Each structure stands twice: as C-alpha cells, then as structure tokens.
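Student: Before I ask anything, let me first share the structure, which is written out below as structure tokens.
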Amino acid sequence: MKRIIIVLCLLVLTGWAGLAFAGHKAAGSGTFKPVKIVQGALKAVDVLNETITVEIIKGQAVTLKVHVDALEQVRRVGKLGERVELRLDADDIVHVVAVGTGP
C-alpha cells in the first residue's frame, strides 16, 4: 500500500514538472528579439543556398544566411533593388524582413 502511494506521488510530481517545463519552453518562444538591424537595397536572392545579398552602402554588398520563414517572405514580396530592413540574430542569420523601409 505504501509503495503504491509513493509511486502515485512520484508520477504526479513528474507530470507536474513536465507540464511546468513545457509551459516555460512555450513562453520563451514568443517574439523574435533582433541583435542587429541592417538596412540596404536587395540585390540577389538565392533560394537554394538560403542566402540574400544586400547592398548596404553604394558598392558594398553583403551576403547573409536567411531563416526559411524570412526567405519565403522575401521571395513573395521582395523585388530586386528595393529597400529592405533585415533583423538578425547573434549568429548573423536573418529572421525578419521588412520590405520598402528606410530613406
């Protein structure tokens, strides 16, 4: 009888801990907070390598790795030569793209 009660208590505590951990993980996956923001003109989109090339200053182009969701957004609404604002994470991967922003 004591073993059954102990086992049930352990199961309840384990289940409670699992739910608490899952809730904590879900709360942490909210909005993306960028580390860097880059503005420039869109020069090229490479869907196969998941990269885009952006001209930040006249004559200086940078090729950046792009997250799949951001790449789909660029592919749908981005036009070559158009101004874009890119929001990057700490690993310099683009996660959010705003098209047509900036001076």
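Student: What are the lysines whose alpha-carbon lies under 29 Å from the alpha-carbon of Lys79, with same-chain residues fewer than 8 places away excluded?
Tutor: Lys33, Lys36, Lys43, Lys58, Lys65
Student: What lysines sit close enough to Lys2 to cross-link, taking a C-alpha to C-alpha distance under 29 Å and skipping anything fewer than 8 places away on the same chain?
Tutor: none
Student: So, one more: So if each residue of separation counts as 0.36 nm, and I subtract the Cα-Cα distance between Leu13 and Ile37, what length gain in nm does that give? Walk me through the intermediate numbers first.
Tutor: Values: separation 24, 0.36 × 24 = 8.64 nm, distance 4.39 nm.
Fully extending the segment from Leu13 to Ile37 adds 4.3 nm.
No lab work stands behind these numbers, since they all come straight from the coordinates. As the structure is a prediction and not an experimental result, all values here were calculated from the model.
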